[in-house]
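Contents: one structure, followed by commentary.
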Amino acid sequence: MRLAVSAFLENAVVYQHKFETSQRNFETIQCSTETNNTRFTAIVTEIRHIRADMLQMQLEVRGLQTENRRILDVLQNRNTEGDS
């Protein structure tokens, strides 16, 4: 009987240790997941900012292209008028 109780207690200690290890592993995984989610959110936010900046630059480039065409038209008209 003592041998059975002793073996039972040893098994209980082993299972308790395994449970505590599993709990720590779960908490580590959960923390890593939260950290990864935070990083993912930060990356998505940064990508959105970069996209907004790119769209703004596209608008500015189009504006500059339009202004350059206007200036070129004015210069070409001056040359045409001066040649006549």
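The values are calculated or read from the model by the stated rules, or taken from the named source; none is laboratory data. Fair warning: this is a prediction, and the values are worked out from it, not measured in the lab. As a convention, Cβ positions derive from the backbone with ideal geometry for all residues, glycine included, and neighbour counts pool all protein chains shown. Ligands, DNA and RNA are stripped out before the accessible areas are found, and what is left, the full protein with its side chains, is counted by its heavy atoms. Shrake-Rupley method; radii C 1.70, N 1.55, O 1.52, S 1.80 Å.
Return the total of residues in the range 1-29 being of a type in the set (Ser, Thr, Tyr) and within 38 Å of the chain's Cα centre (by Cα).
Going residue by residue through the range 1-29, those that are of a type in the set (Ser, Thr, Tyr) are 6, 15, 21-22, 28.
From the residues that got through so far, the ones that are within 38 Å of the chain's Cα centre (by Cα) too are 21-22, 28.
Going through the range 1-29 one residue at a time, the tally reaches 3.
Give the range 1-40 a look and list any residue that's among the β-branched types (Val, Ile, Thr) and either on the phi > 0 side of the Ramachandran plot or open to solvent by 80 Å² or more (accessible area, probe 1.4 Å) (or both), or say none.
Val13, Thr28, Ile29, Thr38 - these are the residues of the range 1-40 that are among the β-branched types (Val, Ile, Thr) and either on the phi > 0 side of the Ramachandran plot or open to solvent by 80 Å² or more (accessible area, probe 1.4 Å) (or both).
Listed residues Glu46, Glu81, Glu67; which is surrounded by fewer than 10 Cβ atoms within 10 Å (Cβ to Cβ), assigned to a helix (DSSP H, G or I) and among the charged types (D, E, K, R)?
Going through Glu46, Glu81, Glu67 in turn, just one is surrounded by fewer than 10 Cβ atoms within 10 Å (Cβ to Cβ), assigned to a helix (DSSP H, G or I) and among the charged types (D, E, K, R): Glu81.
Does Gln56 fit the bill of being of a type in the set (S, T, N, Q), open to solvent by 80 Å² or more (accessible area, probe 1.4 Å) and more than 30 Å from the chain's Cα centre (by Cα)?
no
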